[in-house]
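See below for the structure under consideration.
The values are calculated or read from the model by the stated rules, or taken from the named source; none is laboratory data. Remember, it's a predicted structure, so these values are computed and weren't measured experimentally. Heads up, the Cβs are rebuilt from the backbone with ideal geometry, glycines too, and the neighbour counts pull from every protein chain shown. All accessible areas refer to the heavy atoms of the entire protein, side chains included, with ligands and DNA or RNA removed. Shrake-Rupley method; radii C 1.70, N 1.55, O 1.52, S 1.80 Å.
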Amino acid sequence: TASHRIQRKVDATLMGYLQFGSHVNSGDLITFGKNDTEYMRIDGLGRVGIGDDNPDGLLSLKGVGAQIIIDDTDATDTPRLRLRENGATSGSIYTDGKELIFDSGTTEKMRIDTTGNVGIGSASPSQRLHVNGNVVIEGALYDSGNSQGTSGQVLSSTGSCIDWVTPDIPITPNWNLS
């Protein structure tokens, strides 16, 4: 297929280029590169590939150590990745004071603070995991000794951790503990 290239040349050295051409699967395309190495393309379907000569989404990044960097240069300290559905924000991930915050729409749902504490439903987690609300656990619950306990045991605090213990009074099914 025919293509047209605008090539920058300094003295005898070929520099970057802009090339217009076509691709079998996506129609017209624009590619950017240097010498014979393509770095970026915009295909006829509007898909952008950076390091990817066959992007399968609106934006595709490909390469060793590929990163997306969002650098908010003002003093607000809130760089944000916003997710939208039909123009309405459905969620975002952002930082505030070096804390990582996840929200759905405009309501914060989870935060990882500067000490590594995770708050779910809590904007100021006080422990490694701080949940404000009900919790469903499917599977085993392990104590500080990595034991999942056995039937009839209960979790008991030792003051610094929790352990599964067998109570002095057996617990039978259908008892309500309060």
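Which one is farthest from GLU99 (Cα to Cα) among residues in region 156-178 that are aliphatic (A, V, I, L, M) and modelled with pLDDT under 90? Let's see the steps before the verdict.
As a first pass, look at region 156-178 and keep what is aliphatic (A, V, I, L, M): 162, 165, 169, 171, 177.
Then drop every residue that is not modelled with pLDDT under 90, which leaves 169, 171, 177.
Details: ILE169: 46, ILE171: 43, LEU177: 38 Å.
Looking at the filtered set, the residue picked out is ILE169.
Residue by residue, here is whether (1) surrounded by 14 or more Cβ atoms within 10 Å (Cβ to Cβ); (2) over 30 Å from HIS4 (Cβ atoms) holds:
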| residue | (1), (2) |
| --- | --- |
| LEU29 | yes, no |
| ALA66 | no, no |
| ASP72 | no, yes |
| THR78 | no, yes |
| ILE93 | yes, yes |
message = Just checking, does region 128-138 include any residue being surrounded by 15 or more Cβ atoms within 10 Å (Cβ to Cβ) and not in a strand (DSSP E or B)?
response = no
ask   = Which of the residues belonging to region 25-77 are in contact with a strand residue (DSSP E or B) (Cβ under 9 Å, 6 or more places away or on another chain), among the hydrophobic types (A, V, I, L, M, F, W, C), under 30 Å from LYS9 (Cβ atoms) and in a loop (DSSP other than H, G, I, E, B)?
value = ALA66
note = Taking first residues from region 125-147 that are in contact (Cβ under 8 Å) with a residue 40 or more places away in the chain and second residues anywhere that are assigned to a loop (DSSP other than H, G, I, E, B) and open to solvent by 100 Å² or more (accessible area, probe 1.4 Å), the pairs with Cβ under 6 Å that are 6 or more apart or on different chains are none
ask   = Going through region 100-116 one residue at a time, which ones are surrounded by 11 or more Cβ atoms within 10 Å (Cβ to Cβ) and part of a strand (DSSP E or B)?
value = LEU100, ILE101, PHE102, ASP103, SER104, GLU108, LYS109, MET110, ARG111, ILE112
inquiry  = Looking for something under 15 Å from PHE32 (Cα atoms), charged (D, E, K, R), in contact with an Asp or Glu (Cβ under 8 Å, 6 or more places away or on another chain) and open to solvent by 90 Å² or more (accessible area, probe 1.4 Å) - is there at least one such residue anywhere in region 43-51?
reply    = no
remark   = With criteria (1) assigned to a loop (DSSP other than H, G, I, E, B); (2) on the phi < 0 side of the Ramachandran plot, ARG82 comes up short on (1)
